[in-house]
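The values are calculated or read from the model by the stated rules, or taken from the named source; none is laboratory data. All figures in this text were calculated on a predicted structure; none of them were measured in a lab. All Cβ positions, even for glycine, are placed from backbone atoms using ideal geometry, and neighbour counts span all protein chains on display.
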Amino acid sequence: MQSNDLMLELLKMAVSLSTLALSSHVAIKNAIRVSESTGVSRSSIGFTLIAVSTSLPELAVAISSAISGTAAVSVGNVLGSNVANVFLIAGLGLFFASFTSKVEIYKFKPEELDFLYFGIFIASAVPLILVSLLPASRFVGGLLVALYAYYTFKIVFRKGIENPTTELQVKFVKHSRVAPFVVFTLLGVAGVVLSSHFLVESTVNVALSLSVPESLISATVVAVGTSLPELALDLQAFLKGEPGLAFGDMIGSNFTNTTLILGATLLLSPININIKAFYDLATFSILANIVLWYLMSRGKFGRMEGIYLLSSYILFLASIMGLLAFG
């Protein structure tokens, strides 16, 4: 790569990084406003609006890979993303937020814990069942997609606005105040997804121009890049002192990955997928969800918890690389 091309890629990287930061700020700021305007909890907004939006590119990749006969790639991405969402994203979020916020205790409301724990349970149970009991068939894929549709609908219309005063005010809030906030939230998420794509692309090009091995690029830049939208949004939420929004997005993303994306992959794949080949990834995915459940049950989120999670992610990477090298 010539020096002019390298400078262009570096400029592209800088612009993408700036756009990523700005877009994540816009998305989280307006998601908070949606929550405040409707009375719907932060975790509900994260579980549905944010998580679904950031998962749309992965859904497109899953559908494409399933139709083209490379569905195994999508399955590995789903399980790997579930691990990264907990160990890497929550770890970084808690670690950096500890420098800007002294608040380490966060109590979820009982109604929040109900659907968040269910999301964790599904994200843990589905991989366990598929690697030990049920074959990964189109029928199972259909069930997972149906479960996603049913439960998301149930959360969205669970209680509607939690703190309404009058029916007239509720209608006013729904139609005149919420719509712009939802639109700006979605625009912010779209900016995050697009800038993440261009950031990863430019980073890979720069790394290749500097003769960095492709295997190292795949294991670092590309692997982290798939979770970059969630990382940017949840880190912004943690820094703003909104762990409910961040955990809602993380659990919602894992739930969406395990039901909608995995289900669509199984449903559209022309052949049955051997999920047992992903036993190690599934084990780490289940372990990550158990750790997440433990953290939420304690309600204490600080720097040490962040360090523990990041250490777990390093252990995960070392284990996977060891299996690839010697397995």
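Across the stretch 50-62, the qualifying residues are those that are surrounded by fewer than 24 Cβ atoms within 10 Å (Cβ to Cβ) and either at positive phi or among the hydrophobic types (A, V, I, L, M, F, W, C) (or both), and the one among them that is modelled with the lowest pLDDT is VAL61.
Just one of (1) among the charged types (D, E, K, R); (2) more than 21 Å from the chain's Cα centre (by Cα); (3) under 28 Å from VAL212 (Cβ atoms) fails for GLU36. It is (3).
Residues of the stretch 68-91 that are among the polar types (S, T, N, Q) and over 22 Å from SER137 (Cβ atoms): SER81, ASN85. Conditions: (1) over 16 Å from ASP114 (Cα atoms); (2) assigned to a helix (DSSP H, G or I); (3) not acidic (Asp, Glu). GLY241 meets all but one. Number of the miss? Answer for GLY241: the failing condition is (2).
Of the helices (runs of 4 or more DSSP H) lying entirely inside the stretch 37-131, those carrying at least 2 residues that are without any contact (Cβ under 8 Å) to a residue 40 or more places away in the chain are 51-67.
Hey, among the residues in the stretch 135-153 that are under 14 Å from THR265 (Cβ atoms) and hydroxyl-bearing (Ser, Thr, Tyr), which one's surrounded by the most Cβ atoms within 10 Å (Cβ to Cβ)? Taking the candidates together, the pick is TYR148.
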